[in-house]
Amino acid sequence: MLQKVAIHQTRLRIPGVGVDARGVCMGARGLVLLPGLDRLVAFLAIYTREVALTQVLASIKPELVRSSLGAREVALSFDAISSDVMDRVAEVARLTGAFTFTGTSRHFVQYRDAQAPFGYDAVELLKSNAELCLYHDSFSQAYDLERSLDLRELALRLSARPKAAPSFDAGAAWVLAASALGPPLVRHLADAGVVASAALLASTSELAFGTDAWLFRLDSVPRRIRGLLTRTPGIGLFLEETAGAAVEYGSEHPLALAACPVFRPRELVLFPAGNRPALVLPMPSVFAPVSTLVEPRVAGLGPDLVARLSEARLPRVATRVRLLPSLSSSRRVAASRLRDGEAEQLRKLSYVVSPQTLGETRIAATDQGVFLLQAERGQAIPLGALYAEAGHRIYVPLGYELVPRLAADLLLESMQVPDGHLLFFHADGTSSAIPEVAFAPLAQALLEPSAWSEPTSHEFREVLSAELPTLWLDTLGLLPLKRAGEAP
Amino acid sequence: MKLAGLAQSLTERLLLPLMRGGQVRLVEPVGEARAVELSRALAGTRLFDDVEELRLEAARRWSPVDDLGEVAAEEWLLVAALNDLLQLTNPALARGLGRGGTRKKLARLVARVIERAGPPSTVRAALSRHALFCRVVELARVDTEVSWWTGSDKFVGHPPPERLLAWPNLRQVRRREERVRLAEMPPARAVEFDALLERWLFTTPLTTLGTSQKSGVPFRWTGSMLGLTHAPAGRRLALRVLVSSADVAGALKELARAAEPLARVDAQAFAHAQAFIAEAEELRRGFLQG
């Protein structure tokens, strides 16, 4: 019989059980009593889907116990790190039909549940010398230990089962190929450009791939070779679940292997599909990239193989240079093209830009717009359609690149752009070649001469140098007053 | 001679050399009729930029003015009158037909023109006239007397011919030049000249005031002078002209002497003249102390 632990209760009858900080009755270890191995597998499957066993792996101890009545059950004991861990274990155990206990050495009492939030305490201890005494509200039973179980062995004995919706996760994969298929597969992977390395396994009887099977390690399985690797007889594709364990494509292991760190470093466990046992392979020490395993081919040189230059005109493969949006990081604005009213905005902007920008920015006015070559060190003028330099004397709209990626000199030569001309590719597909001499400094181009006038100055003669007026008398003729008359 | 040509000749041969300095070559006598016609035609026009420029330059010596307006019709009358007045000193005037009658007739015409011009009606007009004619008392005539071994001759207002100066040593040529002031220019027969010169000078009172020591014409407190010095602006202008004259002390003595007759006929005018002289004297002392 059990009684519920009351709040603030400190004295308990079960040895090795106390009350933790939250008042919950807890021992040093936890124990899950499972009806059989299948329940143990179910418990582990559920538990590992939620939480990794890393925390309790070092202390977990599955054991086969036998009651005094001869019933065999599985007791899975582990360190009770905290009541949180115990709560999760109890939840999973309840789901799988198991019971959860807490205790320290031999006596384990039922762990808390909804009816007893602080746990249970036994009214009376069992008078037995059994190795395990369990106290439950429905029973109190003593168990003897029959044998211990190994989790690794358990995991290896479990067969992979078909997966409802097989998929390729972004992870490494292992390919096991029969010896005859190894070399062709090596060449195929090398030709397909798949990053893979290969090793030759020693002959083992467990392998269904004959003697000297090939083991390939792929960093990922490209879509183009998935059909080859999954449908070719003699080739098995295993997707790595965790380091040292992989499950064949289309199947899954009952346990979440990634949460079961039970695999050894220097071995590889492959879980094949179907009801086949796991393959435990020693990890080969040498893996060679498949590209190094491909046989080199020496081209034969014969008189017929040497290409002869034809005297006839070579057929020309004309390819138009096009602009494509570029995904590369943005480049420096090297030029811009102003159209319509943007030139007037440039006039306004010129009042605020730095003298360096005014001096280094160069401008050319054409019938296709006003072109600006931005200053290399000064601030860029953010007006108009912006261009980046795609090569010497070549400018493309910002965010575009030229395809095919020809050398600048070759492109200028093929387009017959004269020397000293700058080639602008526009976003609308047209292009312009502007003489470099047409570009003048922006400061010079903006300068509008103000009207000026020279004020008229009066020349003031020096007083001392003033000439004296001198009277000169001329002859007056016979009739001096011939025109001098009185006014009416 | 058409009016335009007459105006240009008067300007280029008389007015500009008089203002700027140089050789003044008179125009043939203008007479009253043409002078009146000329003054009416040129009134309100600014045909001669040089005249405007020189007039303004001269006026700025006494007043900070920027524009004196166009040369008035009365000023053109005075220019014509000055030309004819100076022609009275021309010996050639007596060589033509009519002789003494010609001079008298010309003197009468000059008097009528001067009377038409009259005294200045505004301070600006007084300043403008002074600016035009302030150098008239500087006008001089060069008379050359040439003697040689068989005779001698006097050339008034023009140089002797070269032939008279040839072989100076052989012919014992002697040449003597004399600068003759304005008041001393008329020949002995031209008795009308002094009175006309005085009348002409009284039409520009500032010139009379500023040149009383040099003109040879005794200063008189005329109505135009008293009227000008009554107006505050005119008084300031007259003081400036007086103080800027060459011999201020002598000018003040001349003014004081001229004021004495006023004491008998017009006590108020006399007091006004005395006050003006006192103010000018005080101003002169201020200048001297400063």
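The values are calculated or read from the model by the stated rules, or taken from the named source; none is laboratory data. Model, not experiment: these values are computed from the prediction. Counting neighbours? That spans all protein chains shown, and the Cβs are built from the backbone with ideal geometry, glycine included. Surface areas here come from the heavy atoms of the whole protein model, side chains and all, with no ligands, DNA or RNA. Shrake-Rupley method; radii C 1.70, N 1.55, O 1.52, S 1.80 Å.
Annotation note: of B:LEU56, B:LEU15, the sole residue that is surrounded by fewer than 21 Cβ atoms within 10 Å (Cβ to Cβ) and at pLDDT 90 or above is B:LEU56. For region A:416-427, the count of residues that are of a type in the set (Phe, Trp, Tyr) and assigned to a loop (DSSP other than H, G, I, E, B) is zero. In region A:248-270, the residues that are within 11 Å of A:LEU53 (Cβ to Cβ) and at pLDDT below 80 reach residues that are of a type in the set (S, T, N, Q) and open to solvent by 10 Å² or more (accessible area, probe 1.4 Å) with C-beta atoms within less than 7 angstrom, at least six apart or across chains, in these pairs: A:ALA258/A:THR242; A:PRO261/A:THR54.
Among the residues of region A:16-35, those that are assigned to a loop (DSSP other than H, G, I, E, B) and touching a Ser or Thr at 6+ places or on another chain (Cβ under 7 Å) comprise A:GLY16, A:ASP20, A:ARG22, A:VAL24, A:ALA28.
Is it fair to say B:SER128 is free of Cβ contacts under 8 Å to residues at least 12 places away in the same chain and under 19 Å from B:SER224 (Cα atoms)? No: the conditions fail for B:SER128. Just a yes or no: is a residue in region A:16-31 over 26 Å from A:ARG66 (Cα atoms), surrounded by fewer than 14 Cβ atoms within 10 Å (Cβ to Cβ) and of a type in the set (Val, Ile, Thr)? No; the residues of region A:16-31 include none that is over 26 Å from A:ARG66 (Cα atoms), surrounded by fewer than 14 Cβ atoms within 10 Å (Cβ to Cβ) and of a type in the set (Val, Ile, Thr).
Out of the residues in region B:196-254 meeting the condition of being hydroxyl-bearing (Ser, Thr, Tyr) and more than 16 Å from B:GLY118 (Cα to Cα), tell me which one is farthest from the chain's Cα centre (by Cα). It comes out as B:THR229.
Restricting A:LEU464, A:LEU410, A:LEU479 to residues that are part of a helix (DSSP H, G or I), open to solvent by 50 Å² or more (accessible area, probe 1.4 Å) and either modelled with pLDDT of 85 or more or more than 28 Å from A:ARG347 (Cα to Cα) (or both) narrows the list to A:LEU410.
From the list B:THR222, B:THR211, the one residue that fits, being within 14 Å of another protein chain (Cβ to nearest Cβ), among the β-branched types (Val, Ile, Thr) and in contact (Cβ under 8 Å) with a residue 24 or more places away in the chain, is B:THR211.
Within region B:130-158, track down each residue that is away from chain A (no Cβ under 14 Å), buried (at least 19 other Cβ atoms within 10 Å of the Cβ), closer than 23 Å to B:ALA94 by Cα and not β-branched (Val, Ile, Thr). Hits for region B:130-158: nothing passes. Annotation: of all residues in region B:14-54 being farther than 15 Å from B:LEU78 by Cα and among the charged types (D, E, K, R), the one that is farthest from the other protein chains (Cβ to nearest Cβ) is B:ARG46.
Screening B:GLY31 against (1) open to solvent by 30 Å² or more (accessible area, probe 1.4 Å); (2) farther than 23 Å from B:THR207 by Cα; (3) not hydrophobic (A, V, I, L, M, F, W, C) leaves a single unmet condition, (1).
Only one of A:ASP121, A:ASP137 is in contact with a strand residue (DSSP E or B) (Cβ under 9 Å, 6 or more places away or on another chain) and either among the aromatic types (Phe, Trp, Tyr) or open to solvent by 70 Å² or more (accessible area, probe 1.4 Å) (or both); which?
Working: A:ASP121 fails: either among the aromatic types (Phe, Trp, Tyr) or open to solvent by 70 Å² or more (accessible area, probe 1.4 Å) (or both).
Of A:ASP121, A:ASP137, the one residue that is in contact with a strand residue (DSSP E or B) (Cβ under 9 Å, 6 or more places away or on another chain) and either among the aromatic types (Phe, Trp, Tyr) or open to solvent by 70 Å² or more (accessible area, probe 1.4 Å) (or both) is A:ASP137.
Quick test for you: out of A:THR430, A:THR470, A:THR456, pick the one residue that is more than 14 Å from every other protein chain (Cβ to nearest Cβ) and either at pLDDT 70 or above or open to solvent by 80 Å² or more (accessible area, probe 1.4 Å) (or both). Matching residue, one of A:THR430, A:THR470, A:THR456: A:THR430. Within region B:188-213, the set of residues being within 30 Å of B:GLN268 (Cβ to Cβ) and assigned to a loop (DSSP other than H, G, I, E, B) comprises B:THR203, B:THR204, B:THR211, B:SER212, B:GLN213.
Of all residue pairs spaced 6 or more apart or on separate chains, those with beta-carbon atoms under 8 Å, a first member in region B:264-281 that is of a type in the set (Val, Ile, Thr) and a second member that is in a helix (DSSP H, G or I) and crowded, with 18+ Cβ neighbours inside 10 Å are B:ILE277/B:LEU252; B:ILE277/B:LEU255; B:ILE277/B:ALA259. Condition (residue is in contact with an Asp or Glu (Cβ under 7 Å, 6 or more places away or on another chain), open to solvent by 30 Å² or more (accessible area, probe 1.4 Å) and without any contact (Cβ under 8 Å) to a residue 40 or more places away in the chain) applied to region B:87-109: is it met by at least one residue? Checked against the condition, which is being in contact with an Asp or Glu (Cβ under 7 Å, 6 or more places away or on another chain), open to solvent by 30 Å² or more (accessible area, probe 1.4 Å) and without any contact (Cβ under 8 Å) to a residue 40 or more places away in the chain, region B:87-109 yields no hits at all. Applying a threshold of 6 Å to beta carbon distances and a minimum spacing of six or more residues, or different chains, the list of pairs starting in region A:36-63 at a residue that is open to solvent by 30 Å² or more (accessible area, probe 1.4 Å) and ending at one that is assigned to a helix (DSSP H, G or I) and of a type in the set (A, V, I, L, M) reads A:ILE46/A:VAL92; A:ALA52/A:ALA259.
Residues in region A:144-157: is at least one modelled with pLDDT under 90, open to solvent by 30 Å² or more (accessible area, probe 1.4 Å) and polar (S, T, N, Q)? Yes: region A:144-157 contains one or more residues that are modelled with pLDDT under 90, open to solvent by 30 Å² or more (accessible area, probe 1.4 Å) and polar (S, T, N, Q).
Residues considered: B:LEU93, B:LEU68, B:LEU10. Of these, the only one that is more than 10 Å from chain A (Cβ to nearest Cβ) and modelled with pLDDT under 90 is B:LEU68. Take the residues in region A:67-82 that are closer than 15 Å to A:PHE139 by Cβ and without any contact (Cβ under 8 Å) to a residue 40 or more places away in the chain, then tell me which one is surrounded by the most Cβ atoms within 10 Å (Cβ to Cβ). Only one residue tops the list, namely A:ALA71.
Within the option set B:LEU127, B:LEU109, being more than 9 Å from chain A (Cβ to nearest Cβ) and out of contact with any strand residue (DSSP E or B) (no Cβ under 8 Å at 6 or more places or on another chain) holds for one residue only, B:LEU127. Residues that are among the hydroxyl-bearing types (Ser, Thr, Tyr), touching a helix residue (DSSP H, G or I) at 6+ places or on another chain (Cβ under 8 Å) and open to solvent by less than 60 Å² (accessible area, probe 1.4 Å) within region A:231-251 comprise just one, A:THR242. Only one of the numbered conditions (1) modelled with pLDDT of 90 or more; (2) over 17 Å from the mean Cα position of the chain (by Cα); (3) farther than 28 Å from B:LEU242 by Cα; (4) open to solvent by 10 Å² or more (accessible area, probe 1.4 Å) is not met by B:ARG46, and that is (1).
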